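Step one of this worksheet: look at the structure below.
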Amino acid sequence: MTRHARLLLGLLACATVAAQAAVKGPDAGRYIATDEVVYSFVDLSAAAGVSVLRGSDDGMVPLTLPFAFRFYSQPYTVACVSANGALYFVASASLCDGFTDFANTDLSSTIVPRDLPALLPYWTDLTFDQAGAGAVFYGTVGASPSRRFVVQWNNAFPQGSPNPVTFQAVLAEGSNEVLFQYKNVALGPANPARNAGLATVGVRNTGAPANQQHIAWSYNSPVIAEESALQFSSAQTPACAAAVTSSVSIVRAGFVYNALTQRFTQTVRVTNVSGSALTGPFALVLDNLSANATLASATGATSCALPSGRPLMANATASLAPGATITFALQFTNPTKAAITYTPAVLGGADAR
């Protein structure tokens, strides 16, 4: 093999590892997070978004949500939006007064201000009080029952940074999924705030860490890429959901070994091939999984569906239209590196989150 060929194979191998999706969770509240999601930024600053917090440093504003958003099984219609890249769910607008949040913390060990349930797309000390800064924009896109509520921090400056960041949090009606999207976070290689290097990224419920209901994606680590997205969703698919395997096609990609995580990964695409919509949420069930492997990304196991104890991975999609597809990113531990075998099945039609 020539030196050029070896170099090319090495580059391809590195690209394969870099392309592997990361999955975190489930936590004690059955939330999971993944970066295997399409980046599709909804730029409210160039559309019909309403601006708030312009010129603010450490400001906070209450917003009324256009629909009830369920977060860790609790519905909310009011959120406090902070200039510092955070959104908190509250029972009333008055609870947005009287606290500041400029000092981000490690979600795995420290509560957020007032121990509020929180979405933290880019929680750090940000300001709109300098030349070139923008504002927070918010607005609703789409039509009921599939609306999306978007909050966008547009040209917010990390403290001490000569360059701003732009990112957004998107709340989905019905599925209650949360999408963080990052338009501009690179900032330059010498900037310590680059790629969320001085920020907290994740979600957290009230009462954590005692009940461990949080997904800490990153803390003061430059891991958030330019033009990327993260999705947080509930994995509350009951094991008694109806089998819909006969109504879908299941296409499994080949296994890929990630030397960094020492796990085997596989993408499974489930497509509705019936003539009518299927009701979710959904779960991909692994029947007869070979004894040499464990589904590391499992979000539960069947209990009342027979046979019980089958590992599953949940997807919170509320409805799957004819021809539509959902994707599962599986991760397996497999110390022996023997062949991984299983029979896939799909459950759907549950009414809980």
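The values are calculated or read from the model by the stated rules, or taken from the named source; none is laboratory data. Predicted model only: the values in this text are computed from it and were never measured. Cβ placement follows ideal geometry from the backbone for every residue including glycine, while neighbour counts extend to all protein chains displayed.
A few comments on the model shown:
- Any hit, region 110-131, residues being out of contact with any strand residue (DSSP E or B) (no Cβ under 7 Å at 6 or more places or on another chain), part of a loop (DSSP other than H, G, I, E, B), surrounded by fewer than 20 Cβ atoms within 10 Å (Cβ to Cβ) and modelled with pLDDT of 95 or more: yes
- Of the numbered criteria (1) in a strand (DSSP E or B); (2) surrounded by fewer than 22 Cβ atoms within 10 Å (Cβ to Cβ); (3) not small (Gly, Ala, Ser), the one residue 328 fails is (2).
- Restricting region 201-217 to residues that are of a type in the set (Val, Ile, Thr) and within 14 Å of the chain's Cα centre (by Cα), the residue that is farthest from residue 73 (Cα to Cα) is 201.
- Residue 61 vs. criteria surrounded by fewer than 17 Cβ atoms within 10 Å (Cβ to Cβ), in a loop (DSSP other than H, G, I, E, B) and not aromatic (Phe, Trp, Tyr): no
- Count of region 1-44 residues, restricted to those that are more than 18 Å from residue 266 (Cα to Cα) and either hydroxyl-bearing (Ser, Thr, Tyr) or modelled with pLDDT of 90 or more (or both), is 8.
- Of the residues screened, residue 75 is not one that is in a strand (DSSP E or B), more than 22 Å from residue 195 (Cα to Cα) and in contact (Cβ under 8 Å) with a residue 40 or more places away in the chain.
- Residues that are among the small types (Gly, Ala, Ser) and within 24 Å of residue 72 (Cα to Cα) within region 310-339 comprise 314, 316, 318, 319, 329, listed in sequence order.
- In region 288-313, residue farthest from residue 27 (Cα to Cα) [restricted to those that are in a strand (DSSP E or B) and modelled with pLDDT under 85]: 301
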